[in-house]
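Chemist: Once you've had a glance at the structure underneath, I'll fire off some questions.
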Amino acid sequence: MVKTVTSFGRSGLSDWLIQRVSGVVIAAYFFFIVGWLVTHESLDYSTWQTLHHMTCMKIFNTVTLLSVVAHAWIGIWAVLTDYITVRLLGPKATALRLVFEISVIGVLVIYALWGLAIVWGV
Amino acid sequence: MTDKRPVNLDIGTIKLPITAYVSILHRASGVALIGAIAILLGLLSYSLKSAEDFAAVQACLSSVPMKLLMWAVLAAFIYHLLAGIKHLVMDMGIGETLEGGKTGAVLVLVFTVIGVALAGVWVW
């Protein structure tokens with residue numbers, strides 16, 4: 001059995017499930033926020049701030065944010081392991097892929113920390 | 001694993017079916033959306049700072065370049081969402097045949113056109 005050390009859940013089946021659950025969470029958030037914005041046509045700051053100040057909304061924001069980060073990692077991992085390969089790019093591909101992977105992890109960690117600061121700073 | 005076997009599926013030399021384009025677009029839109037998160041977090045951050053910053057975000061979003069950008073982000077999201085829903089449907093065993101796959105790919109494209117048009121109406 002091939003052991004992958006860079007996949008999110010350390011197993012393809014685990015990644016498969018996480019990708020779907022996180023996708024459904026993001027979809028639910030999208031429909032909620034678009035529906036909310038459409039029904040609040042002339043939106044002002046206090047209404048917007050009140051929404052994001054509610055604990056249930058902070059939790060929804062946080063769960064969605066973490067879902068986005070996990071979903072992005074699993075997706076980008078699949079793309080990188082498919083295209084940045086020794087077969088397509090030669091012997092330096094493995095090192096190059098690791099550089100890309102670490103860069104993406106850096107960006108996603110920044111997104112997570114920044115997002116949490118926004119969500120819980122309201 | 002020492003792998004010296006020939007690779008027959010060289011995607012650079014074969015004519016791609018519609019399902020392949022829908023799959024590649026799913027990946028490309030996903031990669032683009034990772035970049036879009038930075039913009040969306042920036043907007044969210046400012047919109048919640050103060051009433052003045054909220055007004056600034058509103059003014060920013062009403063400019064034509066920002067409307068085009070938001071429409072593009074919505075288009076990428078809508079496409080990615082629909083292609084994702086297709087995956088969930090196929091996970092349930094629906095449309096797994098060659099013909100079913102093609103039908104699913106066409107449906108994703110058709111619904112994307114409708115969704116992106118609606119998003120355009122919403123943005124403007």
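Chemist: Here's a check for you: in the stretch B:101-110, which residue that is of a type outside the set (Val, Ile, Thr) and open to solvent by less than 80 Å² (accessible area, probe 1.4 Å) is nearest to the chain's Cα centre (by Cα)?
Modeler: Residue satisfying both the conditions and the ranking: B:109.
Chemist: Also, I was wondering about something else. Tell me, yes or no, whether the stretch A:89-98 has at least one residue that is in contact with a Leu (Cβ under 6 Å, 6 or more places away or on another chain) and not in a helix (DSSP H, G or I).
Modeler: Looking through the stretch A:89-98, none of the residues is in contact with a Leu (Cβ under 6 Å, 6 or more places away or on another chain) and not in a helix (DSSP H, G or I).
Chemist: Moving on to the next point. Would you confirm whether or not the stretch A:94-101 contains a residue that is facing chain B (nearest Cβ under 10 Å) and among the aromatic types (Phe, Trp, Tyr)?
Modeler: No - not one qualifying residue is present in the stretch A:94-101.
Chemist: Would you check if residue A:71 is closer than 24 Å to residue B:26 by Cβ, in a helix (DSSP H, G or I) and not aliphatic (A, V, I, L, M)?
Modeler: It is true that residue A:71 is closer than 24 Å to residue B:26 by Cβ, in a helix (DSSP H, G or I) and not aliphatic (A, V, I, L, M).
Chemist: Residue pairs, Cβ under 8 Å, 6 or more apart or interchain, first in the stretch A:43-72 and of a type in the set (A, V, I, L, M), second in a loop (DSSP other than H, G, I, E, B) and open to solvent by 50 Å² or more (accessible area, probe 1.4 Å). List them.
Modeler: A:70/A:8
Chemist: Take the conditions more than 15 Å from residue A:20 (Cα to Cα) and either open to solvent by less than 40 Å² (accessible area, probe 1.4 Å) or not in a loop (DSSP other than H, G, I, E, B) (or both) and apply them to residue A:48. Does it pass?
Modeler: yes
Chemist: Residues that are facing chain A (nearest Cβ under 10 Å) and open to solvent by 60 Å² or more (accessible area, probe 1.4 Å), at least 3 per element: which helices (runs of 4 or more DSSP H) completely within the stretch B:15-100 meet that?
Modeler: B:18-47, B:64-91
Chemist: Quickly run through the stretch A:1-43 and pick out the residues that are within 12 Å of chain B (Cβ to nearest Cβ), open to solvent by 70 Å² or more (accessible area, probe 1.4 Å) and assigned to a loop (DSSP other than H, G, I, E, B).
Modeler: Result: A:1, A:2, A:3, A:41, A:42.
Chemist: Quick check: is even one residue across the stretch A:51-72 aromatic (Phe, Trp, Tyr) and either within 11 Å of chain B (Cβ to nearest Cβ) or over 29 Å from residue B:47 (Cα atoms) (or both)?
Modeler: no
Chemist: While we're here: Test residue A:70 against the criterion of being among the small types (Gly, Ala, Ser), surrounded by 12 or more Cβ atoms within 10 Å (Cβ to Cβ) and more than 18 Å from the chain's Cα centre (by Cα), and give yes or no.
Modeler: Judged against the criteria, residue A:70 is not a match.
Chemist: Conditions first: (1) within 16 Å of the chain's Cα centre (by Cα); (2) facing chain B (nearest Cβ under 9 Å). Residue A:82 passes all but one, so which condition is the exception?
Modeler: If we test residue A:82 against (1) within 16 Å of the chain's Cα centre (by Cα); (2) facing chain B (nearest Cβ under 9 Å), just (1) comes out false.
Chemist: Do you know which of the residues in the stretch A:84-105 that are within 16 Å of residue B:31 (Cβ to Cβ) and modelled with pLDDT of 95 or more is least open to solvent (accessible area, probe 1.4 Å)?
Modeler: If we take residues in the stretch A:84-105 being within 16 Å of residue B:31 (Cβ to Cβ) and modelled with pLDDT of 95 or more, then A:101 is least open to solvent (accessible area, probe 1.4 Å).
The values are calculated or read from the model by the stated rules, or taken from the named source; none is laboratory data. The shown structure was predicted, so the numbers you read here are calculated from the model rather than taken from an experiment. Note that each Cβ is placed from the backbone with ideal geometry, even for glycine, and that neighbours are counted across all protein chains shown. Only protein heavy atoms, including side chains, enter the accessible area calculation; ligands, DNA and RNA are left aside. Shrake-Rupley method; radii C 1.70, N 1.55, O 1.52, S 1.80 Å.
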